[in-house]
Amino acid sequence: MKIFFTAEYDEEQLKPLYETGEVIKDGWALGLPKMTEEELVEKTKDADMIITSYDDITRKVIESAPKLKLIACTRATPVNVDMEAAKERGIPVLYTPGRNSDSTAEMTIGLMLSIARRIPMAHCALKEGRFTGNPDARKETKDGLKVDMIWDMNMDSPYMVFKGTQLHGKTLGIVGYGSIGRRVGKIARAIGMELLIYDPFVGEVDVEEFGVRKALNLKQLMQESDFVTCHMKVTDETKGCISREMISYMKKTAYFINASRGAILDEEALIDALREKRIAGAAFDVYASEPLASNHPYVAELDNVVITPHIAGATDDVLVNHTKQIVADVRRFLNGEHLLYQYR
C-alpha cells in the first residue's frame with residue numbers, strides 16, 4: 001500500500017498510518033511549496049492513496065493514478081479535489097469536518113474583544129512610544145492617599161482614546177449556527193451575551209433556551225444585534241448575503257465580525273459603512289481577495305477595524321485533530337468499515 005502524503009500533520013497522531021503501508025512524504029508535509037499538477041501526476045502515478053491539505057487533486061491527477069483507491073483532504077471542505085472525477089472512479093474522498101471549529105470560534109471571540117476594547121490599537125500605540133513615560137520619573141502620592149495608577153484625565157489620555165464597550169449584556173447575532181457558530185455562541189453565553197440566531201437550516205426547537213432566540217429573518221438579526229458574526233460556507237445562497245441593504249440595518253453602535261469567508265460579504269458596502277461611521281467597527285480574518293492588498297482601506301485608511309491574515313485555524317491543535325480523523329478513517333477503509341468522514 002503506497003500512500004502519497006503532502007498534508008500538514010501531527011507526528012504522534014500519524015504513527016498508526018505507518019503500519020498501514022509505505023508513507024511517502026512530499027510537498028507541504030516537508031515544508032515545500034504547493035505542488036504543480038505535473039509534479040503530482042508524476043509522483044502519484046503508482047499511489048494507492050493520496051492524503052493532502054492544499055494540493056489540487058485534479059481530474060488529470062486522478063486519471064493518471066490507475067491504482068488510486070482513496071483520497072483524503074485534511075480540510076473542512078475538500079475544495080481542492082475534483083469530486084466528480086473521484087466519483088466516476090468510485091474513489092471515496094475523506095475530509096475533516098470540525099477540525100478547526102474550536103480554534104475558529106476562539107479566534108472569533110478574540111476578534112470581538114479586540115475591536116470592542118481596541119486592544120490592537122492600544123498595543124500599537126505603546127509600541128510606537130505613545131502614552132509611555134520617562135523611565136526616571138517617580139510618581140508622588142499625597143499624605144493620606146494610596147498610590148493611584150490613573151493617568152491624567154483629559155481627552156487625549158489612553159482612558160479616553162481607547163474607550164470601548166463590554167461584551168457582557170450585549171446581543172450577539174450569529175449568522176450560521178453550525179459547528180463553529182454554536183461554539184461561538186457557547187463562549188459568548190459564558191461571557192454574558194444574549195444570542196440571536198439566523199440559520200434557515202436550524203429550527204426554533206434547536207436554539208430555544210434561556211438567552212437564545214432565532215431571528216425571523218436576516219434583517220431582524222442585523223437590526224437588533226450589537227455584534228454580528230458570520231459562520232457560513234460559500235454557496236449560491238450565501239454569497240453576498242451580507243449585502244449593502246443588510247448592512248444598512250445595523251445599529252450605529254454595532255460591530256461586524258467575519259472569520260468565515262470573504263465572499264459572503266459585500267466588502268465595498270461594509271467599507272463605506274466603516275468610512276462613514278455608520279457602524280462602530282469591524283474585525284476580519286477573511287477578505288474578498290487574499291492576501292489583503294497593501295493599499296486596501298482596511299490597511300491604509302480605516303482606524304475602526306481589526307484585521308488578521310486568515311489565521312483562525314492556524315493552531316497546532318488543528319493538526320492533531322485532522323491527523324486523528326484521517327488516520328482513523330484510513331484504517332476503517334482498509335478494514336472495510338463504515339467511513340465517518342467521507343465527503344458526499
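A compact table of results
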item: Residue in segment 102-138 that is least open to solvent (accessible area, probe 1.4 Å), counting only those that are part of a helix (DSSP H, G or I) and over 24 Å from GLY185 (Cβ atoms); result: ALA125
item: Residue in segment 185-208 that is at positive phi and modelled with pLDDT under 95 present; result: no
item: Residue count, segment 281-303 (criterion: open to solvent by 10 Å² or more (accessible area, probe 1.4 Å) and assigned to a loop (DSSP other than H, G, I, E, B)); result: 13
item: Residue check, VAL330 touching a strand residue (DSSP E or B) at 6+ places or on another chain (Cβ under 8 Å), modelled with pLDDT of 95 or more, part of a loop (DSSP other than H, G, I, E, B) and open to solvent by less than 20 Å² (accessible area, probe 1.4 Å); result: no
item: Residue within segment 312-322 that is surrounded by fewer than 17 Cβ atoms within 10 Å (Cβ to Cβ), β-branched (Val, Ile, Thr), assigned to a loop (DSSP other than H, G, I, E, B) and within 19 Å of the chain's Cα centre (by Cα) present; result: yes
item: Test: residue in segment 299-321 that is within 30 Å of GLY90 (Cα to Cα) and among the small types (Gly, Ala, Ser); result: no
item: Qualifying residue in segment 139-153 (condition: at positive phi and assigned to a loop (DSSP other than H, G, I, E, B)); result: yes
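The values are calculated or read from the model by the stated rules, or taken from the named source; none is laboratory data. Owing to the predicted nature of the structure, the values given are computational and were not obtained by experimental measurement. Ideal geometry is used to build each Cβ from the backbone, glycine not excepted, and the neighbour counts take in all protein chains shown. We work out accessible area using only protein heavy atoms, side chains counted, and drop any ligands, DNA or RNA first. Shrake-Rupley method; radii C 1.70, N 1.55, O 1.52, S 1.80 Å.
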